Amino acid sequence: MNMVNAINNALDIKMAEDKSVIVYGEDVGVEGGVFRVTEGLQKKHGVERIFDSPLAESGLAGTAVGMAAAGLRPIIEMQFSGFSYPAFNQIISHVSRMHNRSRGKYKQAIVIRMPYGGGINALEHHSESAEAIWGHIPGLKVVIPSNPHDAKGLLISSIESEDPVIYMEPKRIYRAIKQEVEESKFAVPIGKAKVIHKGEDITLVAYGAMIREAQKAAALAKKEGISVEIIDLRTIYPIDRETIAESIKKTGRIITVTEAPKAFGVSAEISAIANEEAFLFLEAPPKRVAGFDTIVPLPKGEHHYLQTAEKILYEIIRTVKY
Amino acid sequence: MFKEYNPIKKKRLQIIDNDGKVINQKLMPKLDDKQLIKAYKDMLFARTADLMIVNYQRQGRIYTYPPNYGQEAISGAVAQIMRDDDWLVPAFREMGAYLAKGASLKELFIYFMGYEDGSLFKNAKNFLPISVPISSQLLHASGIGYEINYNNKDQIVYTFVGDGGTSEGDFHEALNFAGVWKAPVIFIVQNNQYGISTPFKMQTASDGIAIKALAYGIEGIQVDGNDFFAMYKAVEESAKHASGGNGPVLIEAVTYRKGAHTTSDDPTKYRTKEEEEKWDETDPLKRLKAYLIANKLWSEKEEEKIVPQYKKEIDRQFIEAENYGEYALEDVFKFMYTEMPQDIKNQMMEHEKFLKWKEARS
Ligand SMILES: Cc1ncc(C[n+]2csc(CCOP(=O)(O)OP(=O)(O)O)c2C)c(N)n1
């Protein structure tokens, strides 16, 4: 399975198992979504359970609040994360707050799926990585898989979560990675990072499409005699402080890799965790390989912006030599 | 005319039929021969360019592009009426209007080849850049309309959106603001029956868009958007209305997106050949051309002569765009702020250091 198949498979399993699961969004029904993630599901589960919505993201999120309060488990799709902003008001004012506001009376078992990230030669608004914005909103969980297996397991957990989850899909690797993935149901827990590559000298934290770059960088570093440990964060919030801290205690050095702009981002959070949890173990300042604090350029300029294995290697060497 | 075509009456303004025959002489706009020929040539040029761009895209020479194919009469009509001082606040599927504003094809090519510089439109006065977030631009039009009233200017704002876009809250807010302010804005909804794969009937339970004007206390009219004369008449009357201090107008131009949503879309997934063929009969160029030929203003021969000239010109501009050159690192940063903050200056310098290191390594 590639990631598209894996997400489709998770949706299929949960729709079959639980009649309260409803899937809707722009073009998700007949067409199966612009990336074909929901392809075939309308035929299988019917138009009452998976359907095309009017073109309105605030409408999607707001109606999901109502559905969830009334006991359904809506899964809505933002066609691109860059078009989720009309829904921002509903998400920040209600999706993330209804449970607290109603003192637990009304649950918000909502999943908001959105493809995100650059590297696909797209028009404006189709390339950004806004996970820090969502991570900053109290009351939301934020999840980002980096491979088909995790995509399936994390989506199962997200749909089963009693709290709202922003489920971000690294569209650049939608079809780039194929894995054997179990057809039957399994879950990958939210809130647990994973050490995907053991190493001694330095820790790389990454997620989504940046995992591939981190892996390539680790291979390059090995040739330089540097042993790299890679953590796939998998959940942005609630963040797994423990796994990060433990790794730093071993390696003494940490670099976070994100596509997103550097300022006030996930990488800043991880640097803070390094300082808070493992300060005395640090042999160099926590580093960030992140996007510029700019708009993601249109395709002809995107190579300037995207993180590459070489850029990561450059920072690895500087950090190890520090 | 707005009374006669009050949307509550469920009438659609139409002036020529599918064969180009005048069926509504009373409302036939007064255009002289030269104007008519120019309008047709504008539309023909836009279509020729549009079809060529789809081809360039297939050859991998340009990125995703949203074709205008089948909707040319709408921009074509606006193009004949919009003045140099008027504003154009675009969506992304009204190329004829951009060209009329003074944008060049070359710039559009540069944009769709993936350079921000393609949004500058150097010689186009009062033309905002293409707006990708659906419907968001409409509020900008209302804001410009406020400025026009505030400074007592003789200007009009033309703004575009698709039928899908009318589902967004911004659409409704824009009409409401413009209505409250009596802003001189002409909202043109290109109802091409689809928002990507989603058919119009899934967007709204209403059987049209024009009628939504009534709730905002503004004029609205539904027009056959594939009928150049009807579009011309509607835009002409709307411009008079807006200029006269009577506030905005909502024009629903009923049309059909003959091409794909964008070059990454496959319409066979969600619509039938029969449907496409039915709409082919209403093709806007075909109808205007039939009228012109019947009135001895145009001939197949002239068309055969001129299309290759257009193609040559379009290709020339395309190749110029292809040679636009490197996208410099600084271009990522340069326009983020009027004055670049030190922090991002540092980011650029740091990146340059990395590039030097990389070069030294290889
Ligand atoms: C706010 C927002 N949501 C989603 C999209 C993705 N998208 C691009 S075009 C489109 C459909 C637009 O349909 P319509 O308004 O009818 O205009 P058309 O493309 O038919 O000209 C969608 C959903 C977007 N660009 N902006």
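Values quoted throughout were computed directly from the atomic coordinates according to the rules given, and no laboratory measurement underlies them. Remember, predicted model here, so these are calculated numbers, not experimental data. A quick note on method: Cβ atoms are made from the backbone with ideal geometry, for glycine too, and the neighbour counts reach across all protein chains shown.
Okay, here's what the table says:
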quantity: In Hz, Karplus ³J(HN,Hα) per residue of the range B:64-73 (6.51, -1.76, 1.60; θ = phi - 60°; x = Gly, Pro); calculated: 3, 9, x, x, 9, 2, x, 10, 5, 5
quantity: Label point distance in nm, A:Ser184-A:Glu224, each placed 7 Å from Cα along Cα→Cβ; calculated: 4.6 nm
quantity: Cα-Cα over 21 Å, subset of B:Lys3/B:Lys34; B:Lys233/B:Lys289; B:Lys38/B:Lys305; A:Lys300/B:Lys106; calculated: B:Lys3/B:Lys34
quantity: Chain B: relative contact order as a whole-number percent, Cα under 8 Å and 6+ apart; calculated: 22 percent
quantity: Nonlocal amide H pairs with A:Ala290, under 5 Å, H built at 1.01 Å; calculated: A:Thr258
quantity: Within 10 Å of each Cβ in B:339-349, the average number of Cβ atoms from other chains; calculated: 2
quantity: Cα centroid of the range A:244-322 to Cα centroid of the range A:93-131, whole Å; calculated: 24 Å
quantity: Paramagnetic reach from B:Met336 (point 7 Å along Cα→Cβ, amide N under 18 Å) across the range A:260-278; calculated: A:260-269
quantity: Gain upon complete extension [B:Lys286, B:Val22; 0.36 nm per residue less C-alpha separation]; calculated: 93.6 nm
quantity: Per-residue mean of C-beta atoms belonging to partner chains within 10 Å, peptide B:192-205; calculated: 4
quantity: Relative contact order %, chain A, counting alpha carbon pairs below 8 Å whose residues are six or more apart; calculated: 16 percent
quantity: Interchain or long-range residues, amide H under 5 Å from A:Glu128's placed H; calculated: A:Gly82, A:Gly117
quantity: Residue exposure sequence - B:Asp227, B:Asp283 - by fewest surrounding Cβ within 10 Å; calculated: B:Asp283, B:Asp227
quantity: Efficiency of FRET from Cβ geometry, A:Ser20 and A:Lys192, R₀ 25 Å, rounded to 0.05; calculated: 0.45
quantity: Proximal lysine pairs, the range A:3-173, alpha carbons under 30 Å, eight or more residues apart or interchain; calculated: 29
quantity: Amide H partners (placed H, <5 Å) of A:Arg73, local residues excluded; calculated: A:Val21, A:Ile22
quantity: Label-reachable residues, the range A:239-261, where backbone N falls under 17 Å from a point 7 Å from A:Leu280's Cα toward its Cβ; calculated: A:245-253
quantity: Whole-angstrom gap from the range A:203-227 to the range B:24-48, using each part's C-alpha centre; calculated: 62 Å
quantity: Integer Hz, Karplus 6.51/-1.76/1.60 couplings in order for the range B:136-149, x for Gly and Pro; calculated: 4, 5, 5, 5, 5, 4, 4, x, 5, x, 4, 4, 4, 5
quantity: Global geometry of the range B:117-212, whether rounded, prolate or oblate, following the gyration tensor of its Cα atoms and the 1.5 cut on a/c; calculated: oblate
quantity: Label zone at A:Asp12, where the point sits 7 Å out along the Cα-to-Cβ direction: the range A:20-41 residues whose backbone N lies under 17 Å; calculated: A:23, A:29-33, A:35-41
quantity: Relative contact order (percent, whole number), the range B:50-150, Cα cutoff 8 Å, 6+ residue spacing; calculated: 25 percent
quantity: Extension reserve of the B:Ala205-B:Asn55 stretch, reckoned as 0.36 nm per residue once the Cα distance is removed; calculated: 50.3 nm
quantity: Anisotropy class of the range B:7-326 from Cα gyration tensor, a/c 1.5 cut; calculated: rounded
quantity: The range A:3-173 shape via C-alpha gyration tensor axes, a/c threshold 1.5; calculated: rounded
quantity: Charge sum, other residues only, whose C-beta stays under 13 Å from A:Glu302's C-beta, Lys/Arg counted +1 and Asp/Glu -1; calculated: -3
quantity: Choice from B:Gln347, B:Gln193, B:Gln71 showing the highest fluctuation, given a GNM over chain B with Cα pairs closer than 10 Å; calculated: B:Gln347
quantity: Contour excess over end-to-end distance, with Cα ends at A:Ile120 and A:Ala176 and 0.36 nm allotted per residue; calculated: 19.0 nm
quantity: Entries in A:Lys192/A:Lys262; B:Lys101/B:Lys345; B:Lys122/B:Lys301 that, when Cα-Cα distance is taken, lie over 32 Å; calculated: B:Lys101/B:Lys345; B:Lys122/B:Lys301
quantity: GNM top mover of B:Gly325, B:Gly208, B:Gly162 - chain B, alpha-carbon springs below 10 Å; calculated: B:Gly325
quantity: Centre separation in Å (Cα based) which lies between the range B:61-122 and the range B:140-206; calculated: 18 Å
quantity: A:Ser93 paired with B:Lys9, simple spin-label distance in nm, labels 7 Å along Cα-to-beta-carbon; calculated: 4.0 nm
quantity: Inter-chain Cβ neighbour average for residues A:48-58, partner chain, 10 Å; calculated: 5
quantity: Using θ = phi - 60° and Karplus 6.51 cos²θ - 1.76 cosθ + 1.60, couplings along the range B:266-282 (whole Hz; Gly, Pro as x); calculated: 10, x, 5, 5, 9, 8, 9, 5, 4, 4, 4, 5, 4, 6, 3, 4, 9
quantity: Burial order of peptide ranges A:142-150, B:33-41 (average beta-carbon count within 10 Å, highest first); calculated: A:142-150, B:33-41
quantity: Antiparallel %, DSSP beta bridges [both residues in chain A], to 5; calculated: 15 percent
quantity: Efficiency of FRET from Cβ geometry, A:Arg103 and B:Ser243, R₀ 45 Å, rounded to 0.05; calculated: 0.20
quantity: Residues B:Glu276, A:Glu48, sorted so that the one with the fewest Cβ neighbours within 10 Å comes first; calculated: A:Glu48, B:Glu276
quantity: Nitroxide proxy distance, nm - points 7 Å out along Cα→Cβ at B:Ile37 and B:Tyr150; calculated: 4.5 nm
